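Since every read-out is calculated from the coordinates, none of them should be taken as a lab result. Note that the structure is a prediction, hence the values are computed from the model and not measured. When we count neighbours, we look across all protein chains shown, and the Cβ atoms used for this are built from the backbone with ideal geometry, even at glycine.
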Amino acid sequence: MDYFKSFAQELFSTNFETPPSSIQFIDAALSCTSPHFAPSYTDPNQKRIIRRHLVSFLQDYLSFKPSIDAFMHDDGTSVNLLNANGELQLSSSTPSIPLTIWLHESYPFIAPIVLMSTNTTYPIYDNHPFVDSSSGAISTFYLVNWKYPGCNLSDLVHNLFKIFSHNHPFYYSPSTDDFFHPSLASRREAVDRLSCTLHYDMKELLSKTHEEVEELSSLKEHMVRRVIVAEFSVDESENEMMELKERVKILTDEADKLSSWLRDKDQDLSSEYKIEDEFEAIDENSKILLDSIAADKATEDLMYSLDKAVEQGVMPFGTYIKQVRLLAKEQYFGRATLEKMGISLEWLH
């Protein structure tokens with residue numbers, strides 16, 4: 001490409017008294033037939049439209065200069081494209097914006113590719129609504145809705161001027177705030193401003209949504225843990241219920257056996273029946289032991305009742321002492337009788 005530029009400059013220096021202008025460079029580029037340096041525009045009508053648009057644009061924006069270079073598409077295809085590069089100055093109080101406008105090989109039916117240089121003193125806003133901070137690619141309502149013949153390069157840059165005046169792509173400290181009344185905006189400018197506002201609102205909404213998603217994810221994990229605990233508790237309850245059912249079955253069987261035994265004994269269950277009659281001593285000593293144990297236990301129970309009566313104040317202390325002495329005396333003689341018979345007092349415990 002540098003060779004082609006030098007060739008075009010040398011050619012026009014030979015044929016003209018003054019150095020070649022931007023118009024002469026465009027004409028030389030579009031008329032070049034070298035397979036290595038010719039731009040990727042083949043249709044004569046397309047070339048005439050490109051020339052007209054570029055000339056008009058360069059007359060409106062003198063800070064831009066034409067050039068021709070190799071452009072690499074996202075799919076890896078390399079093509080020679082005309083481009084205009086320069087700086088867009090919004091005002092004396094704001095930094096200029098370095099732009100390169102590439103004319104697509106299907107221009108003007110496909111919008112030009114507008115890139116902003118990322119190698120500048122000022123960094124680009126990370127979340128700018130129209131500029132990709134990593135690549136410098138610019139995408140606006142005008143470019144997205146590009147349609148020939150209603151769109152051209154001059155109007156495109158004019159639209160960029162309006163957009164960046166409202167929302168500059170660089171981080172910088174403005175000295176004053178430009179006043180702008182909404183009634184002065186055109187329909188396209190209003191759409192761009194609305195897009196900008198919606199962009200920031202969407203970023204804020206996405207940030208809040210992300211926080212809510214994280215909270216819900218945390219809640220989900222907590223609920224999953226609770227479900228696991230609940231399932232474990234249910235399993236334990238089911239196992240316990242099965243054990244209880246088995247226990248009930250065993251007790252039911254035992255009750256059936258006991259009922260069967262009572263029926264076999266054919267006992268009279270009237271009020272005169274005494275449960276003590278079911279226990280029979282095998283000899284005299286056993287009978288004495290059984291009676292002594294019963295009497296000793298009854299004495300213990302009676303003493304306990306007397307203790308409670310004194311504590312609750314329903315029995316005088318003197319009466320309590322008298323009764324306890326009598327009971328203790330009877331209990332002593334009963335235990336002495338057992339010792340004389342050679343029966344251990346462990347039976348009483």
Quiz item: What full-extension length gain, to one decimal in nm, is calculated for ARG325 and TYR171 as 0.36 nm per residue of separation minus the Cα-Cα distance?
Solution: 44.9 nm
Quiz prompt | Whole-number Å³ per residue for the convex hull built on Cα positions in region 35-100 | solution = 101
Self-check item: Charge sum, other residues only, whose C-beta stays under 14 Å from GLU246's C-beta, Lys/Arg counted +1 and Asp/Glu -1
Solution: -2
Quiz item: What FRET efficiency comes out for the pair PHE333/GLU246, r = Cβ-Cβ distance, R0 = 56 Å, nearest 0.05?
Solution: 0.65
Quiz item: How large are Rg and Dmax for region 2-173 when only the alpha carbon atoms are used, in Å?
Solution: 16.6, 50
Quiz item: Got the relative contact order for region 45-160 handy, in percent, Cα pairs under 8 Å and 6 or more residues apart?
Solution: 19
Quiz item: If you take the charge dipole of region 279-348 about its Cα centre, with +1 on Lys and Arg Cβ and -1 on Asp and Glu Cβ, which of VAL314, THR299, GLY334 is farthest toward its positive end?
Solution: VAL314
Quiz prompt | Extended-chain gain in nm, criterion 0.36 nm per residue less alpha-carbon gap, THR42 and PHE317 | solution = 86.0 nm
Quiz prompt | Percentage relative contact order, region 279-348, counting C-alpha pairs under 8 Å, at least six apart | solution = 38
Quiz item: With charges set only on the Cβ (+1 for Lys and Arg, -1 for Asp and Glu), what does the dipole of region 2-173 come to about its Cα centre, in debye to the nearest 20?
Solution: 400
Self-check item: Gain upon complete extension [THR33, TYR125; 0.36 nm per residue less C-alpha separation]
Solution: 28.9 nm
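Calculate the dipole size of region 279-348 relative to its Cα centre from +1 charges on Lys and Arg beta carbons and -1 charges on Asp and Glu beta carbons; express the result in debye to the nearest 20.
The dipole magnitude comes to about 380 debye.
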Self-check item: Residue order, fewest to most beta carbons within 10 Å, for TYR304, TYR320
Solution: TYR304, TYR320
